[in-house]
Amino acid sequence: MPAAVLWLIFALVLAGAEALTGHLFLVMLGGGALAASLTSWLADWPGWVNGGVFLIVSVLLLALVRPPLRRRLTPAGAPALGIEALRGKDALVLDRVTRDKGQVKLDGQVWTARPLNAADVYEPGECVTVMGIDGATAVVFRSGL
């Protein structure tokens, strides 16, 4: 079997394996194998030259093509889910918030709350910002509103 066909089969196997991983690594190696197949088909060079073409083209694809391609295909920012989505939201104090007790209304739901600074006290009607969630307790701080 000619070397060009072997390089082509290797390129197809790498492209197929890339379909399973999705990291854009194996497809770059497949591009190198495709280049080696092309040089093997066009020129009657020794096998080590085709291996060198594979190596050089693969490294160039990995260094120059893969990073911008990953940036373009990867979403800019994954949406915050669960309790991470609550961080930074405003809440309304329903029951006096002290270090031991308190309640706030956050996104239409009543949450147990405590202040970020243990010495702070928030009165009903005040607007606070959720700094984080500790278990089932919203950790809040006075809003700038």
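The values are calculated or read from the model by the stated rules, or taken from the named source; none is laboratory data. Just so it is clear, the structure is predicted and the values come from calculations on it, not from any experiment. Glycine also receives a Cβ, built like all others from the backbone with ideal geometry; neighbour counts cover every protein chain displayed. Calculation scope for accessible area: heavy atoms of the full protein, side chains included, ligands and nucleic acids excluded. Shrake-Rupley method; radii C 1.70, N 1.55, O 1.52, S 1.80 Å.
Quick look at the values:
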{"read-out": "Enumeration of residues in the stretch 81-104 that are part of a loop (DSSP other than H, G, I, E, B) and either open to solvent by less than 60 Å² (accessible area, probe 1.4 Å) or among the hydroxyl-bearing types (Ser, Thr, Tyr) (or both)", "value": "GLY88, THR98, GLY102"}
{"read-out": "Pair list, Cβ under 6 Å, 6 or more apart: the stretch 102-127 residue acidic (Asp, Glu), other residue not in a loop (DSSP other than H, G, I, E, B)", "value": "GLU126/VAL93"}
{"read-out": "Filter result for the condition that a residue is in a loop (DSSP other than H, G, I, E, B) and open to solvent by less than 50 Å² (accessible area, probe 1.4 Å), over LEU24, LEU61, LEU29", "value": "LEU24"}
{"read-out": "VAL130 vs. criteria touching a strand residue (DSSP E or B) at 6+ places or on another chain (Cβ under 6 Å), touching a residue at least 40 places away in the same chain (Cβ under 8 Å), among the β-branched types (Val, Ile, Thr) and more than 30 Å from LEU14 (Cβ to Cβ)", "value": "yes"}
{"read-out": "Candidate set: the stretch 105-123, residues that are closer than 12 Å to ALA91 by Cβ and not in a strand (DSSP E or B); chosen: the one most open to solvent (accessible area, probe 1.4 Å)", "value": "ASP107"}
{"read-out": "Test result for PHE54, outside any loop (DSSP other than H, G, I, E, B) and under 19 Å from ALA15 (Cα atoms)", "value": "yes"}
{"read-out": "Contacts under 9 angstrom Cβ, first residue in the stretch 17-28 being of a type outside the set (A, V, I, L, M, F, W, C), partner open to solvent by 70 Å² or more (accessible area, probe 1.4 Å) and not in a helix (DSSP H, G or I), 6 or more apart", "value": "GLU18/PHE25"}
{"read-out": "Failed condition for VAL49, given (1) without any contact (Cβ under 8 Å) to a residue 12 or more places away in the chain; (2) within 30 Å of ALA113 (Cα to Cα); (3) of a type outside the set (Ser, Thr, Tyr); (4) surrounded by 12 or more Cβ atoms within 10 Å (Cβ to Cβ)", "value": "(2)"}
{"read-out": "Any chance GLY102 is more than 27 Å from the chain's Cα centre (by Cα), of a type outside the set (A, V, I, L, M) and in the same structural domain as VAL27 (by the TED database)", "value": "no"}
